[in-house]
Amino acid sequence: MRILRTIPEVRAAIREARGGGAMIGLVPTMGAFHDGHLSLMRAARAGSDLVVVSLFVNPTQFGANEDLTAYPRDEARDAALAEAAGVDILFAPAPSEIYPEGFATNIHVAGLSDVLDGASRGAHHFDGVATVVTKLFGIVRPDTAYFGQKDAQQVLVVRRVVRDLDLDVRIVVCPIVREADGLAMSSRNVYLDPAARVQATALNRALDAGAAVFEAGDAAAGSILSAARDVLGGAGIDPEYLELRDAETLRPLARVDRDALLAVAAHVGAARLIDNHVLRVAEAPNDTETEAGA
Ligand code: PAF
């Protein structure tokens, strides 16, 4: 595995690989790898000839009171894990390589960036994500880029950027990877002390409780959210948000009459955690196909 620091180095490596007809897979990350990241790298390895992982703690997606300086960083450990996962190139640039003096562009996805985490953390968060991901796409020019469903809203924002700006990249979304007790893997889980680590399991249990109400036949947002809220309350968690929204547009839903995102964010101990479940509405049988197949 090669560790590259500059944009010209990456461009040269990509040019060479493309010359040989290689399909390029990109996994954008901020490091502090866990099994969730490794699942993205494995998917990229299976689906591409050349796998590039970017490791960049992107300052523009952090707010003034957020954990930019505290964010876990251990490049040597990350490099060893990436190499073991079969990654070909680790792109680990300095902030000045990505944001040189005079950098002035900002990509804002109206609507999608302003709700849920965008409302809690501020619009700068998804602007920072959209801008740096677009920049990484411009540097690496991947055929396919891999993202995790845990950051469901980020996936929607990136998909919209790709669609609106006609970027020639396929987005693959990999399932949430969970600890044995259901806690979604996150680089921020290292902030949890033992008591908070136990408390944090309530996030997934709350989403499970909401999903169970829906699966039992009650599609009303009020019932689903109240079941989830009860579990959070029982664990002493006051969520930053707990919402049910259209899984594509993120518009609020009064009932699950289309695929819905049940999403939660909460401060647990020293960590701010997010998690989500998608509640899927079974597709109505397609009459035309049934007739054609009969
Ligand atoms: O999901 C992340 O780790 C980051 O938001 C990303 C996509 C690497 C952009 O900085």
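The values are calculated or read from the model by the stated rules, or taken from the named source; none is laboratory data. Here the structure is a predicted model, which is why all the values come from computation and not from measurement. Glycine gets a Cβ as well: all are built from the backbone with ideal geometry, and neighbour counts include every protein chain shown.
General remarks:
- The residue of the range 82-94 that is farthest from the ligand (Cβ to nearest atom), among those that are in a loop (DSSP other than H, G, I, E, B) and not small (Gly, Ala, Ser), is 88.
- Residues located in the range 145-160, provided they are under 15 Å from residue 265 (Cα atoms) and in contact (Cβ under 8 Å) with a residue 40 or more places away in the chain: 149, 150, 151, 152, 153
- Residue check for residue 159: among the basic types (Lys, Arg), modelled with pLDDT of 95 or more and more than 25 Å from residue 66 (Cβ to Cβ): no
- The residue list 111, 128, 118 contains one member that is in contact with a Ser or Thr (Cβ under 9 Å, 6 or more places away or on another chain), touching a residue at least 24 places away in the same chain (Cβ under 8 Å) and buried (at least 18 other Cβ atoms within 10 Å of the Cβ), which is 128.
- From 218, 181, residue being part of a loop (DSSP other than H, G, I, E, B), in contact (Cβ under 8 Å) with a residue 12 or more places away in the chain and out of contact with any His (no Cβ under 8 Å at 6 or more places or on another chain): 181
- Of all residues in the range 38-81, those that are in contact (Cβ under 8 Å) with a residue 12 or more places away in the chain, within 14 Å of the ligand (Cβ to nearest atom) and not in a strand (DSSP E or B) total 19.
- Of all the residues in the range 25-37, those that are near the ligand (Cβ under 9 Å from one of its atoms) and closer than 15 Å to residue 145 by Cα number 5.
- Residue 211 being assigned to a loop (DSSP other than H, G, I, E, B), on the phi < 0 side of the Ramachandran plot and small (Gly, Ala, Ser): no
- Against the numbered list (1) among the basic types (Lys, Arg); (2) in contact with a Ser or Thr (Cβ under 8 Å, 6 or more places away or on another chain); (3) away from the ligand (no atom under 14 Å from the Cβ), residue 150 comes up short only at (3).
- Looking at 169, 231, 162, just one residue is farther than 26 Å from residue 31 by Cα and crowded, with 16+ Cβ neighbours inside 10 Å, and that residue is 231.
- Of all residues in the range 127-147, those being more than 9 Å from the ligand (Cβ to nearest atom) and of a type in the set (Phe, Trp, Tyr) number 2.
- Boolean, residue 167 is among the hydrophobic types (A, V, I, L, M, F, W, C), part of a helix (DSSP H, G or I) and farther than 18 Å from residue 58 by Cα: no
- Test result for residue 148, of a type in the set (Gly, Ala, Ser) and either in contact with a Gly (Cβ under 6 Å, 6 or more places away or on another chain) or at pLDDT below 95 (or both): yes
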